[in-house]
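Inspection log for the structure reproduced underneath, given as structure tokens.
The values are calculated or read from the model by the stated rules, or taken from the named source; none is laboratory data. Note that the coordinates shown come from a computational prediction; the quantities given were computed from them, not determined experimentally. Virtual Cβ from ideal backbone geometry, glycine too; neighbours counted across all protein chains shown. Surface areas here come from the heavy atoms of the whole protein model, side chains and all, with no ligands, DNA or RNA. Shrake-Rupley method; radii C 1.70, N 1.55, O 1.52, S 1.80 Å.
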Amino acid sequence: MQITVFDKSREFSEIVIPTVQTKSGMDDLIHLLDSYCATTRMLIVSGEPGTGKTVLLRKFTETYQTKYATEEHHKNIIMLNVSTQNKSSEDLAVEILKQLGDIAPTLGTLSKKKIRIETLFAALQVRVLIIDEFHDLIPKSNMDGNNKVIRLIKWILLNNTRPVSLVLSGCPAIEDLIVVDQQIETRCNNIIKMEKLGLTTSEKQSEFADLVVSL
């Protein structure tokens, strides 16, 4: 008889349950990391709170952050959470610099911060930047391509000096990004739509039964 030993120190919210959504989402994230090239791409992970977006992204980051590392300090994936509302493009640049290990992330103009971001992207060999809770950075209505945060995102995505692909995660409102800017739409590979577990159809009930058996 096989005995399964569970790690009781872990919270349930930290465990990735292998649903169809998480499996497909993880495959898309891995492909984005593996297909790094001069033409960067973007993924959007959207869903209401509690649908597993952050857990999926943390698991991906923990598992693959040093997949292509040639030195100990290299990080192929950088993930940051921007859960405070009303942040500016300057604030976003500071958060990115913090995650990159910049010694003085708040100093300098936005232009100078961008130069340091480029330098650190190259030094750490960053391939993918993940921004969680991205909906807190964009307007709640009348989203505009000239918004400074969106322009900073475009600069990262279209930068020819150090190409870095993007994963933007948040509530479904962030899907409007591909409507307001054609360049972002062109670079967006896929939208991973996370949904709450529901057993309203026989198909979903069968899927859940298979999941329980697999556990």
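Which pairs break 21 Å Cα to Cα here: LYS98/LYS193; LYS67/LYS193; LYS59/LYS113; LYS75/LYS113; LYS87/LYS112?
Pairs exceeding 21 Å: LYS98/LYS193; LYS67/LYS193; LYS59/LYS113.
Could you tell me which GluC sites (Glu not before Pro) in segment 100-200 are loop residues by DSSP with no more than 15 other beta carbons within 10 angstrom of their beta carbon?
GLU195
Assign one of three labels to segment 69-156, namely rounded, prolate or oblate, based on the Cα gyration tensor with a ≥ b ≥ c the square roots of its eigenvalues; rounded applies when a/c is under 1.5, prolate when it is not and a/b is larger than b/c, and oblate otherwise.
Values: a/c = 2.04, a/b = 1.67, b/c = 1.22.
Prolate shape, in that a/c is at least 1.5 and a/b is the bigger ratio.
With all protein chains present and a 1.4 Å probe, how do SER169, SER141 order by accessible area, largest first? Before the final figure, lay out each step's value.
Working: SER169 0, SER141 75 Å².
In descending accessible area the options line up as SER141, SER169.
Along the positive direction of the dipole of segment 20-120 (beta-carbon charges: Lys, Arg +1; Asp, Glu -1; about the Cα centre), which of SER46, GLN21, VAL82 reaches farthest?
VAL82
For segment 37-94, which GluC sites (Glu not before Pro) pass both filters: DSSP loop (anything but H, G, I, E, B) and at most 15 other C-beta atoms within 10 Å? Don't skip to the answer; put the middle values down first.
Details: sites: GLU62, GLU71, GLU72, GLU90; in loops: GLU71, GLU72.
Of the GluC sites (Glu not before Pro), the ones in loops of segment 37-94 whose Cβ has at most 15 other Cβ atoms within 10 Å are GLU71, GLU72.
Given the whole protein assembly as supplied and a 1.4 Å probe, what does the accessible area of ILE96 come to in Å², nearest 10?
Only protein atoms counted, so the area is about 0 Å².
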